[in-house]
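Here is the structure we will look at.
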Amino acid sequence: MSAPRNLDELAAGEIDDIDIANLHRMAQLYELLDPVPAGLVERIQFGITLDALHAEIAELQRSSDLVGVRSEEVTESQTITFTSAALTAMVTITALSSDRVRLDGWVAPGDGVSVELRIGSDVMGTVCDADGRFVFDDVARGLAQFVLRVPDPDRLPVITPSVEL
C-alpha cells in the first residue's frame, strides 16, 4: 500500500499506532497546561441527571460574613439563598473545624418540606419543622446540593445548584 498523498487521503485513513501515540502526547500536554477544573465532571453529571428528574432548579445567591458569638473567637459563616418559583431556602454554613460544618436552614413555605443533602455518595435527610427550619449538625465539607420536596406529591422537587461547603 502506498503512502497517502494529500490531507483528504490522510483524513479518510484509519487511525494507526502513530496517531494514538500523538493523541496520548496531546492529552498529556492539555493535562499539564489546562487541567480539567475540580468538580467539573460532577457538575456535568448533575446537569445530565436533571434532564431525567424533571425538577425545578433553584437559583443561587451567596454572601459571606464573619460572625462573633459572645466570645473572643471569630467563626466564619456563609449564607446561601436558593430561590425558585415554588419556594425559597436559606442555608447558613458555619465551620466547626477545617473539615466539618454545621448547616442551619430555613425554607419558605416550609412546613413539612423534606430536605435531602447530597455530598458525593453520602445522602442525609430531614424534614422542616412548622416554621420551615432544618439543621444538619455535623457535615463533612465537599461539593453539596439540596433536594427539597414539598408534601404535595403532584409538585416537582426543587434541586439546588451544587455548592462547596
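Computed quantities for the displayed model
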{"item": "Spin-label model distance (nm) - V163 vs D129, 7 Å beyond Cα toward Cβ", "result": "2.1"}
{"item": "Calculated FRET efficiency for the pair T83/M26, C-beta based, R₀ 35 Å, to 0.05", "result": "0.25"}
{"item": "Per residue value of the accessible surface for the range 81-152 (all protein chains in place, 1.4 Å probe), Å²", "result": "46"}
{"item": "Separation of alpha-carbon centers, the range 120-165 and the range 88-113, rounded to whole Å", "result": "9"}
{"item": "Calculated FRET value between A95 and D34, using beta carbons and R₀ = 30 Å, to 0.05", "result": "0.40"}
{"item": "Computed E for E14/A140 - FRET, C-beta separation, R0 41 angstrom, nearest 0.05", "result": "0.25"}
{"item": "Net charge of neighbours whose Cβ lies under 15 Å from the Cβ of R118, counting Lys and Arg as +1 and Asp and Glu as -1", "result": "-1"}
{"item": "Cα gyration tensor category, rounded, prolate or oblate, for the range 82-165 with a/c compared to 1.5", "result": "prolate"}
{"item": "Mean Cα-pair separation over length for the range 72-165, i.e. relative contact order, pairs under 8 Å, 6 or more apart, %", "result": "23"}
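The values are calculated or read from the model by the stated rules, or taken from the named source; none is laboratory data. Not measured: the values here are computed from a predicted model. No Cβ is skipped: glycine too gets one built from the backbone with ideal geometry, and neighbour counts run over all protein chains shown. Note: areas computed on protein heavy atoms with side chains; ligands, DNA, RNA excluded. Shrake-Rupley method; radii C 1.70, N 1.55, O 1.52, S 1.80 Å.
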